[in-house]
Amino acid sequence: MVSLAWLAIGVLVAAATYSPTVATALTAQAAEGSTWARGVLGAVPHSEPLGQAVLDYAFSGLNLVIAGVLLFLGMRTWSPSCWPSP
């Protein structure tokens, strides 16, 4: 869950970097006192290039899918029905 939250924050920073509409909306929210908007706008200069961001998010998504599959298979393998009876 924490990984998804960090990915979502990163997507928001990338959107603010490459979308003038998002940047304008965040600037307006920051002017109203939103600390989240100020934080996102403060991270914009440190954003990675768009091509690298797309690859990073694609591989992160693939890793999360693989982790989910492994977790599902592991839970199925180690379910209580597989344990020996006392």
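Structure values in brief
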{"item": "Rounded to 10°, Cα long-axis angle of helix 20-31 versus longest principal axis of the chain", "result": "80"}
{"item": "Difference of contour (0.36 nm per residue) and Cα-Cα distance, Met75 to Asp56", "result": "4.0 nm"}
{"item": "Value of relative contact order over the chain, rounded to a whole percent, pairs C-alpha under 8 Å and six or more apart", "result": "24"}
{"item": "Options (i) 19.6, 65; (ii) 11.8, 43; (iii) 12.6, 37 - which one matches Rg and Dmax of the Cα atoms in Å as calculated here", "result": "(i)"}
{"item": "Mean residue ellipticity (222 nm) of the chain, computed from DSSP H runs ≥ 4 via -39,500 (n - 2.57), nearest 500", "result": "-25500 deg cm²/dmol"}
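Throughout, read-outs are computed from the coordinates displayed, never taken from laboratory work. Not measured: the values here are computed from a predicted model.
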